[in-house]
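All remarks here apply to the structure that follows.
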Amino acid sequence: MMPSQSTDIATDVVRRAVEDAVQAPSVHNTQPWRFGISGSRISVRADADRRLDVADPDGREMLISCGAALYNLRLSLRMQGFEPVVRLLPDPDRPHLLADVHLESLRERAGDEVEREYAQIRRRRSHRGGFRPDPVGAGVLTALRHAAEQEGGRLIQAVD
């Protein structure tokens with residue numbers, strides 16, 4: 001492949017990944033993120049101007065929203081055959097720079113789980129209504145706990 005073809009492919013991959021990332025859910029649909037692109041590096045920044053002063057004074061919901069966008073970005077890159085290499089909080093002097101994502105070499109076809117998750121990106125809808133009082137099933141909680149652990153997090157079940 002000629003260098004310009006490689007650059008065109010990387011540009012298309014990055015563009016599609018950012019298009020998928022902005023479909024992420026965000027607090028009150030504020031979309032409090034910004035993306036910077038330099039070659040095959042994508043930077044994810046929190047946009048503090050979109051933080052809700054009253055509803056989110058500490059910026060917690062803003063960061064959760066940015067995390068959802070970062071997740072979509074990574075999922076899109078995997079779906080396109082790249083492994084995203086993420087460096088979280090890469091510059092202590094720039095607190096709104098949340099992550100730098102680099103594209104690792106092409107890898108094999110995305111697995112079924114990646115394909116299933118990726119298919120949901122454009123199906124996402126905001127829900128501002130109430131939730132049913134039915135308890136969440138044990139199998140769903142187990143799956144959520146496992147997914148959180150795979151991402152380096154943990155699930156804490158909120159109960160009455």
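How far, in nm, would the chain grow between Val86 and Asn29 when pulled straight, counting 0.36 nm per residue and subtracting the alpha carbon separation? Present the calculation step by step, with values, prior to reporting the outcome.
Working: separation 57, 0.36 × 57 = 20.52 nm, distance 2.47 nm.
Gain on extension, Val86 to Asn29, equals 18.0 nm.
Cα centroid distance between region 15-60 and region 64-132, in Å?
12
Amide H of Leu98 versus every other amide H placed in the peptide plane: which residues, excluding those fewer than 5 positions away on the same chain, fall under 5 Å?
Val44, Arg45, Ala46
Could you work out how far apart the two model spin labels at Arg125 and Arg109 are, taking each label as a point 7 Å from the Cα in the direction of the beta carbon, and quote it in nm?
3.2
Tell me which trypsin sites (Lys or Arg not before Pro) from region 82-160 have a DSSP coil assignment and no more than 11 other beta carbons within 10 Å of their own. Provide the component values of the computation, followed by the final result.
On the way: sites: Arg87, Arg107, Arg109, Arg116, Arg122, Arg123, Arg124, Arg125, Arg128, Arg145, Arg154; in loops: Arg107, Arg109, Arg124, Arg125, Arg128, Arg154.
Counting only loop positions with at most 11 other Cβ atoms within 10 Å, the trypsin sites (Lys or Arg not before Pro) in region 82-160 are Arg107, Arg109, Arg125, Arg128, Arg154.
Of the labelled options (i) 17.2, 61; (ii) 17.8, 55; (iii) 18.9, 63, which one gives Rg and Dmax of the Cα atoms in Å as computed for this structure?
Checking each listed value against the structure points to (i).
Hey, in the GNM for the chain with a 10 angstrom Cα cutoff, which one of Val114, Val85, Val136 fluctuates hardest?
Top of the fluctuation ranking is Val136.
With r as the distance between the Cβ atoms of Asp53 and Ala147 and R0 = 35 Å, compute the FRET efficiency 1/(1 + (r/R0)^6) and round to 0.05. Don't skip to the end; give the middle numbers.
Details: r = 32 Å, r/R0 = 0.91.
Step by step, r from the Cβ atoms, then E = 0.65.
Throughout, read-outs are computed from the coordinates displayed, never taken from laboratory work. Computed from a predicted structure; not experimentally measured. Using ideal geometry, Cβ is built from the backbone for each residue, glycine included, and neighbour counts are taken over all protein chains shown.
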